[in-house]
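Below: one structure, written as structure tokens.
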Amino acid sequence: MLGSSGTNGKLCIRGTKQDYDDWNIPGWSREEVFGYMKKAENFHDKKWFKADEQNHGYDGLLNVGSYDSAPISNMILESMEDLGLRKQPYMFTTGDNPHGCGHVPRTVYKGDRTTADGYFVNKGPNLAVKTETTVDKVILEGEGEGDKLKAVAVKVIEKDGSMREIKATKEIIEGRDPMGLTSAQLNIEFFSTECYGGLKQFTDFLDGENSHAFSLIAELFAPKSRGSVTLKSADPKDNPIVYHNYLSEELDVVVLSEACKFANEIITQGKGTRDIVDGSWPAALTHHKNTEREDWVPFVRDNATTCYHPAGTAKMGTDFDPMAVLDSELRVRGVKGLRVADTSVMPLLNQGHTQMPAYAIGEKAADLIKGKSLGMSSLTEKIGSNTLSQAQNNNSNGTLVLN
Ligand SMILES: Cc1cc2nc3c(=O)[nH]c(=O)nc-3n(C[C@H](O)[C@H](O)[C@H](O)COP(=O)(O)OP(=O)(O)OC[C@H]3O[C@@H](n4cnc5c(N)ncnc54)[C@H](O)[C@@H]3O)c2cc1C
């Protein structure tokens, strides 16, 4: 039910504002998408973290807070500043500047992970949640193209294997696993892990008394390499065939190798960490001695893996975009009564992480269904249902949500 929110890394990095302007879709401008992220959020301040109150939301359904870092993360931050990354306390929230370093807000509250379940805890009488139920297909009525097709029901497979049809009285909203990548400018994010992490290192443990390890991960955004996702069969329980084709474009390798070189310099030369680091872990490895970008290429090719931000497989776009299966109101083109609402709708990946856009898309979808809009002024106003007239709120029943 919670999808990836139950397993993700909890980082709330919204991306830059330009990311959403680049979508160039009415209703999805920087102000609107950031406004919906704000609407989704219930931010909890901490004494040591001065939050940007104008950009955080305080009455949404998703608990977000600053995260008490272990000493090593603050030392890495000091090294980042020492190597020229300016401290930008709000950069992950405001989306105004992609260059710098700071503390990332997390979907963590009182020490616990917070997830999309905030949206279900106080669910109203018009929402029924079905778990352990797989959507087999959307049932369409009518023939041909254009508005002649209408989504009227979904066929689901229950936990015991039985099949059932659930009818929609209004429309159907789909949320499925998105698998895809989109093009934008390459850039890098560094994030620290306070315990070391990584496939190879997991076989080699430190004593934790006299020796400790951590890692700095270089994450590439907007890679140029393209893979493919194809269906294995018409059975929804079959996983799709995903061909990642990572690092097939040389530029991705160059940028990631340069990032590893810089990360190594931050750790080995930065004043917060240079005096406490002995070398690579496991101890037999020597990559901390690499000095040139080229030295890092084999390391990148051997160790790069995914960071789980697939999106864009059911993208929205203009009438002139042949790849856009959705219009700007998330409606499936050519079918009445069917919308998609999850990260698969994103025409381009943001230069950040995808959970905050996912919540923004969900909030926006709810408003679209109800015939409401955020409005530009809502960025500074409190957003609440009391600001909406009954007439605007006339579209909220009879909608079937698949997830
Ligand atoms: C390991 C990991 C770490 C991540 N770390 C971060 C992070 O630190 N910060 C961040 O911002 N983002 C992170 N992400 C990405 C982020 O969590 C996702 O982009 C976001 O949660 C996607 O939301 P979604 O609603 O689009 O899809 P999902 O969360 O994938 O939800 C899709 C749902 O649809 C259900 N479903 C699929 N097919 C069917 C069907 N046929 N019938 C019924 N149900 C179906 C699935 O079971 C699932 O519950 C991470 C993701 C992963 C996996």
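Worth a mention:
- Checking the cross-link pairs LYS38/LYS110; LYS50/LYS87; LYS17/LYS39; LYS87/LYS224; LYS137/LYS336 against a 23 Å limit on the alpha carbon distance flags LYS87/LYS224 as lying beyond it.
- ILE13 sits among other residues whose Cβ lies under 15 Å from its own Cβ, and their net charge, with Lys and Arg +1 and Asp and Glu -1, is -1.
- Fewest-first ordering of THR193, THR306 by other beta carbons within 10 Å of each residue's beta carbon gives THR306, THR193.
- Degrees between helix 30-40 axis and first principal axis of the chain (Cα, 0 to 90, nearest 10): 90 degrees
- Taking the average, over residues, of other Cβ atoms within 10 Å as the packing measure, peptides 241-247, 51-57 rank 51-57, 241-247 from highest down.
- Beta bridges from DSSP with both residues in the chain: antiparallel share about 65 percent, rounded to the nearest 5.
- ILE173 long-range amide H proximity, modeled H, under 5 Å: ARG339, LEU400, VAL401, LEU402
- Counting neighbouring beta carbons within 10 Å and listing from fewest to most, the residues TRP296, TRP281 come out as TRP281, TRP296.
- When shorter helices are ignored and each DSSP H run of at least 4 residues is given -39500 (n - 2.57), the per-residue value for the chain at 222 nm works out to -6000 deg cm²/dmol.
- Positive minus negative residues near GLN351 (Lys, Arg vs Asp, Glu; Cβ under 13 Å): -3
Values quoted throughout were computed directly from the atomic coordinates according to the rules given, and no laboratory measurement underlies them. Just so it is clear, the structure is predicted and the values come from calculations on it, not from any experiment. All Cβ positions, even for glycine, are placed from backbone atoms using ideal geometry, and neighbour counts span all protein chains on display.
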